[in-house]
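The structure under discussion appears below in the form of structure tokens.
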Amino acid sequence: MFNKFTLVVAAMLCIAGISHAQSELQPCSADEHYRKLLAKYPQLVGYEKTFEEQLGKRMAERTTAAADTTIYDVPIVIHVIHDYGAENLSDTILYDAAQYWTTVYLKENADTADVIPTFVPYVGKPGMRLHLATKDPNGNPTKGIVRFQSYLTAAADDEAKFGPWPQNKYVNIWFIGTFGAEDLGVAAYAYFPSSAVFEPFYDGIICLSSYVSVSDPSVAKTIPHEMGHVMNLYHPWGNTNNPGVACGGTDHVDDTPPTKGHNPSGCTPAALYDTACASGYMVTYMDSHGVLDSVVNYPDTANSQNIMDYTYCSKMFTKGQAARMRTALTGTTAGRNNLYTPANLAATGALAPMPDLPPVADFIVNRGVPATSDLRAYFLTFNNATSFGFRNASWNDTITGVSWAFSNGATNPTSTSMGTVSNKFSVPGWVTVSLTATSNAGNNTIVNTQTVYVADTTTVGGMGYSQNFSNASDLSNWPMFNFYNNQFKWQFYTGAGIGDNSCLRYRSFDSSDRITGNAVGDHDDIYTPAFNLSTSTDDLYLNFFTTAAYTNHGIAGGTTLVNDSMEVDVSVNGGANWYRLGGYGGTRLDNNGNYGVEFVPNSATTWVPRAINVPATYRAAQTFFRFRYHPGNTGNDMYLDNFYFDGFPAGIKEAITASPSSFNIYPNPSSSGFTLVFKTGNTGSVAYSIKDITGKLVYENSKVLASNSIQHEQISRSATPAAGMYFVTLTVDGVNMTQKLVIY
Ligand SMILES: [Zn+2]
């Protein structure tokens with residue numbers, strides 16, 4: 001209780017400045033989400049009116065009918081949206097919780113005994129049993145819990161509602177780690193039936209994983225509260241988002257006396273015996289002929305222990321609420337009345353005993369040694385001092401044993417550890433990890449070939465190295481990680497490039513329907529091979545070119561919303577620690593503006609040179625670099641090409657120094673001639689030639705210049721009339737040096 005209260009205070013402080021409407025804590029944001037949908041679908045009002053009319057009619061019928069003792073069986077499915085943290089709730093916790101929710105809906109929760117005497121006569125029984133389904137939508141056996149790994153478990157909203165099962169057959173419940181800014185301070189929310197008509201894929205409950213405990217009374221009623229919204233209950237102060245503010249709202253339920261409602265404050269006497277809005281409360285009822293039937297004098301005290309209030313001492317629904325819920329459940333709105341039909345109970349296996357199913361084998365690579373700006377250690381050199389860690393995360397049954405197998409000369413090629421296995425590898429390349437989990441009901445094996453990468457320490461070059469990604473095979477030692485196995489990822493691309501028609505691409509353009517799976521929160525990496533930079537004593541730049549755009553999806557706010565970014569990191573201990581060297585974001589990265597369609601560069605002029613100074617600290621005998629892309633909610637594609645090391649930053653106009661072992665070309669790429677900068681040797685004799693990409697000689701010249709001097713030789717555009725890639729060879733004292741030149 002105390003912890004929750006502390007959290008509440010912190011949340012209030014955080015949101016106080018956002019807007020008046022959010023100046024109060026909102027343990028449940030059902031009302032906010034209702035209001036957003038109402039703005040989007042104004043016709044929702046008509047549905048609600050019809051619903052209330054049906055409700056009134058049914059309620060009237062009900063009062064004349066025999067007492068309704070029907071118990072309704074309702075199939076549910078729990079989706080755990082997780083990233084292998086604490087939010088990955090265990091099966092056992094969820095089974096226990098689901099059982100508890102049913103006790104509440106059968107009025108069998110023990111704490112109804114603590115209801116204050118005033119409300120004992122009003123405790124209602126919704127009369128619903130919630131059953132974890134035993135058949136999935138395809139008819140396959142299930143225990144009613146599914147799991148999905150996503151970064152959207154953090155800062156979640158409707159887009160984290162992956163994989164909904166048909167909402168007229170199952171009530172969907174998603175558990176997530178944290179809510180996003182729009183639901184700051186919220187524990188959960190759900191949609192009313194009328195709202196679900198318009199966006200059925202969002203119908204159901206989404207709830208923080210920390211609000212599922214059945215032993216903590218302050219959170220145990222969170223799902224029962226949200227299920228109340230699913231069955232059309234409002235908060236007792238009405239369908240607003242302002243508990244504790246004003247009398248005058250209504251929840252359309254007579255035996256919940258008028259109240260301002262309560263912000264979380266526990267069962268204080270002030271809350272329990274709050275009469276602020278309820279003094280003298282009574283309701284007059286007319287018969288079907290409009291003649292006075294009766295006047296009922298309801299309590300003059302708010303029902304602060306009501307599960308739909310925010311007191312966190314909630315213990316009961318009222319009889320009126322139970323009737324309203326049953327009306328919603330038996331109504332056609334959003335197909336609620338299909339849930340309990342015999343046909344649906346058979347299709348979902350809701351009444352069958354939970355089957356004994358084999359486990360689902362699963363594991364996660366542990367976070368590595370705490371490293372600056374790192375999230376996980378997936379990349380290490382062979383025989384690195386740091387180990388990879390693999391953690392068993394198998395589920396779906398009581399696991400009695402596991403069997404691990406690893407390729408690449410693992411220190412532990414096999415293991416039966418139920419927890420974590422630490423491993424080093426002696427053979428470079430992608431590691432194949434196999435995990436078999438066993439239970440009394442059978443076993444299941446997961447094989448993953450793209451989990452961790454063991455890097456070679458053999459260097460591929462250093463100063464003077466260049467890579468223009470002309471073939472997919474060029475990337476054989478540039479491992480790409482798509483951590484969440486989704487559409488946002490690095491890839492080799494043919495169809496654009498500098499000087500040739502291929503490059504790297506980060507696919508940030510969202511081609512999905514955007515119902516689920518927003519890119520925000522994702523990240524993906526590509527790693528370089530090892531470079532020997534230890535001999536570089538002068539300036540050293542990591543150079544490359546990028547071109548990118550954004551997509552504003554018609555969202556107002558202009559370029560301030562452009563939030564894709566890419567960081568460049570370096571490691572000198574084989575991937576054990578990474579340090580950030582530079583980064584690009586916003587319109588600086590997305591230099592081509594807004595594109596409504598997927599961006600593909602069609603001109604060399606769209607490419608921007610990038611240069612990152614590599615400090616001497618990071619010039620090791622084996623230096624690795626990492627490009628980490630963070631897609632945002634306005635992403636479009638980003639292309640990267642012509643990675644090379646040089647003593648000068650890409651794109652500068654003027655050389656500063658030159659050495660006899662290399663030469664430089666400025667500007668490069670160029671559209672109007674260029675300058676060669678080099679140092680002559682002892683004889684002063686130099687020659688230069690330019691060949692096009694087919695090897696055809698297009699220009700050559702030779703001179704004798706001052707010996708051991710720095711020279712600038714200007715070559716006009718006429719030497720390279722056609723746009724494209726060229727190779728410039730400079731010969732100093734008989735030694736050839738070649739560099740790539742791009743003309744556009
Ligand atoms: Zn609520």
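Structural remarks
- Selection within the range 390-421 - closer than 15 Å to ASN448 by Cβ, small (Gly, Ala, Ser) and out of contact with any Lys or Arg (no Cβ under 8 Å at 6 or more places or on another chain): ALA393, SER394, SER403, ALA405, SER407
- Entirely in the range 426-483, the strands (runs of 3 or more DSSP E) that have 3 or more residues that are polar (S, T, N, Q): 433-439, 442-448
- Residues within the range 216-233 that are acidic (Asp, Glu) and either more than 16 Å from the ligand (Cβ to nearest atom) or in contact with a His (Cβ under 9 Å, 6 or more places away or on another chain) (or both), tallied: 1
- Conditions (1) at pLDDT 95 or above; (2) closer than 22 Å to LEU542 by Cβ; (3) surrounded by 16 or more Cβ atoms within 10 Å (Cβ to Cβ): number failed by GLY497: (1)
Results for (1) within 25 Å of the chain's Cα centre (by Cα); (2) charged (D, E, K, R); (3) surrounded by fewer than 20 Cβ atoms within 10 Å (Cβ to Cβ), shown as yes or no for each residue.
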residue	(1), (2), (3)
PHE192	no, no, no
VAL212	yes, no, no
ASP216	no, yes, yes
GLU226	yes, yes, no
GLY244	no, no, yes
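- Candidates GLY249, GLY238 - the one that is within 15 Å of the ligand (Cβ to nearest atom) and either more than 24 Å from TYR105 (Cβ to Cβ) or not assigned by TED's automatic domain parsing to the domain that holds VAL120 (or both): GLY249
- GLY586 being in contact (Cβ under 8 Å) with a residue 40 or more places away in the chain and of a type in the set (Gly, Ala, Ser): no
- Close contacts from the range 666-688, counting a first residue that is closer than 16 Å to MET737 by Cβ and a second that is of a type in the set (Val, Ile, Thr) and part of a loop (DSSP other than H, G, I, E, B), with Cβ to Cβ under 9 Å and a gap of 6+ residues or different chains, come to TYR666/ILE652; PHE674/THR720; VAL677/ILE656; VAL677/THR657; LYS679/THR657; VAL686/THR680.
- The one condition from (1) in contact with a strand residue (DSSP E or B) (Cβ under 8 Å, 6 or more places away or on another chain); (2) of a type outside the set (S, T, N, Q); (3) not assigned by TED's automatic domain parsing to the domain that holds TYR527 that PHE481 does not meet is (3).
- For PHE678, the requirement of being modelled with pLDDT under 80 and buried (at least 16 other Cβ atoms within 10 Å of the Cβ) is met.
- Per-region count, the range 435-474, residues without any contact (Cβ under 8 Å) to a residue 40 or more places away in the chain and under 18 Å from ARG626 (Cα atoms): 2
- When ASP255 is tested against (1) modelled with pLDDT under 90; (2) part of a loop (DSSP other than H, G, I, E, B); (3) more than 16 Å from the ligand (Cβ to nearest atom); (4) not β-branched (Val, Ile, Thr), only condition (1) is not met.
- Yes/no for THR416 being more than 24 Å from TYR95 (Cβ to Cβ) and under 29 Å from the mean Cα position of the chain (by Cα): no
To keep it simple, each residue is scored yes or no on (1) assigned to a loop (DSSP other than H, G, I, E, B); (2) not assigned by TED's automatic domain parsing to the domain that holds ILE223.
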position	(1), (2)
ASP309	yes, no
GLY320	no, no
TYR340	yes, no
MET354	yes, yes
LEU380	no, yes
ASN384	yes, yes
PHE390	no, yes
TRP404	no, yes
ASN408	yes, yes
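- Hits in the range 502-549 - residues which are crowded, with 20+ Cβ neighbours inside 10 Å and among the acidic types (Asp, Glu): ASP510, ASP522, ASP524, ASP525
- Residue list for the range 290-306, restricted to those being surrounded by fewer than 24 Cβ atoms within 10 Å (Cβ to Cβ) and either touching a residue at least 12 places away in the same chain (Cβ under 8 Å) or within 16 Å of the ligand (Cβ to nearest atom) (or both): VAL295, VAL296, ASN297, TYR298, PRO299, ASP300, THR301, GLN305
The values are calculated or read from the model by the stated rules, or taken from the named source; none is laboratory data. Keep in mind that what you see is a predicted model, and the values were worked out from it rather than measured. Cβ coordinates were reconstructed from backbone atoms using ideal geometry, including for glycine residues, and neighbour counts include every protein chain displayed.
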